[in-house]
Amino acid sequence: MRLKDKVAIVTGGGSGFGEGIARRFAAEGAKIVVNDINVAGGERVANAVKQAGGQAIFAKADVAKAADVKAMVGATLDAFGRVDIMVNNAGYTHRNQSMLNVDETMFDRIFAVNVKAIYLAALEVIPVFRRQGGGVILNTASTAGLRPRPGLTLYNASKGAAITMTKSMAVEFAPDRIRVNCLCPVAGDTPMLADFMGGDTPENRARFKASVPLGRFSMPEDIANAALYLCSDEANFITGTAFEVDGGRCI
């Protein structure tokens, strides 16, 4: 097992990419803290992990609130005594439209969940990692941060910030044996897909798929497999990378 006895927090773990990561990590021996603001989804995934023979707890938290993140990491330490992997996967977006039509409240929420949450998690887990002698942070960014397109400008900007933060953190915390990487998935069939496309219609799906050389959306399994590699000891010399999981979309 590639993550045997590791403890991993997965934010946004109640659906989509986060669920895929949580289930895959558990199958490889990790003890999982499933975080989500959706209690039903988070508890469902945690229970599924346990029913499959793994160890998991659910931790409700808004990753954009410092007190919630602190409590989430505290619950992890109470349950498992350590934390080895922090997966900042929770994300938020506006509907595909002109940036001029996106209000300030939406702007603030996007940057709070997609960028500030990485900072808040680092405040809590990096001191733990230092005490333990190292750790791994994995951020879910997006192809939108590498090859932005009109209609998602503010979301694109937040993911660009996540990529730059990943690279800077990787350099800053390398002396502490803390690796920091990010994933850049192409659009997947997740709860946010309709917003990305500006509406879930057969025409929009066909248009989006046509932009991917391998001809399909990403799947949670695609993202989970990439996350597993980057968080495993097999990648112990990889840090600061923005790993494209995109079927060739960014070429």
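The values are calculated or read from the model by the stated rules, or taken from the named source; none is laboratory data. The model shown is predicted, which means the values in this text are computed figures rather than measured ones. No Cβ is skipped: glycine too gets one built from the backbone with ideal geometry, and neighbour counts run over all protein chains shown.
Assorted remarks:
- Positions within the stretch 108-146 being free of Cβ contacts under 8 Å to residues at least 24 places away in the same chain, over 18 Å from H94 (Cβ atoms) and of a type outside the set (K, R), in sequence order: P127
- With respect to being surrounded by 22 or more Cβ atoms within 10 Å (Cβ to Cβ) and either over 13 Å from the mean Cα position of the chain (by Cα) or farther than 25 Å from A141 by Cβ (or both), G42 fits the description.
- Test: residue in the stretch 85-95 that is of a type in the set (G, A, S) and over 30 Å from T153 (Cβ atoms): no
- Residue in the stretch 93-111 that is surrounded by the fewest Cβ atoms within 10 Å (Cβ to Cβ), counting only those that are closer than 19 Å to A141 by Cα and modelled with pLDDT of 95 or more: D108
- Check on R149, free of Cβ contacts under 8 Å to residues at least 12 places away in the same chain and over 16 Å from the mean Cα position of the chain (by Cα): yes
- Subset of the stretch 36-59 [farther than 16 Å from P220 by Cα and in contact with a helix residue (DSSP H, G or I) (Cβ under 6 Å, 6 or more places away or on another chain)]: D36, G54, A56, I57, F58, A59
- Helices (runs of 4 or more DSSP H) lying entirely in the stretch 152-251 (those with 3 or more residues that are of a type in the set (D, E, K, R), under 13 Å from L138 (Cα atoms) and in contact (Cβ under 8 Å) with a residue 24 or more places away in the chain): none
- Within the option set V83, V87, V33, V45, being under 19 Å from T190 (Cα atoms) and not in a helix (DSSP H, G or I) holds for one residue only, V87.
- Test: residue in the stretch 59-72 that is touching a Gly at 6+ places or on another chain (Cβ under 7 Å) and either within 15 Å of R109 (Cα to Cα) or basic (K, R) (or both): yes
- Flag if G54 is buried (at least 22 other Cβ atoms within 10 Å of the Cβ), of a type in the set (G, A, S) and in contact (Cβ under 8 Å) with a residue 12 or more places away in the chain: no
- The residue that is farthest from C231 (Cα to Cα), counting only those in the stretch 12-39 that are among the acidic types (D, E) and buried (at least 24 other Cβ atoms within 10 Å of the Cβ), is D36.
- All conditions but one from (1) over 13 Å from the mean Cα position of the chain (by Cα); (2) over 13 Å from A121 (Cβ atoms); (3) assigned to a loop (DSSP other than H, G, I, E, B) apply to G14; the one that does not is (1).
- Residues in the stretch 212-237 that are over 23 Å from K4 (Cβ atoms) and surrounded by fewer than 16 Cβ atoms within 10 Å (Cβ to Cβ): 4 in all.
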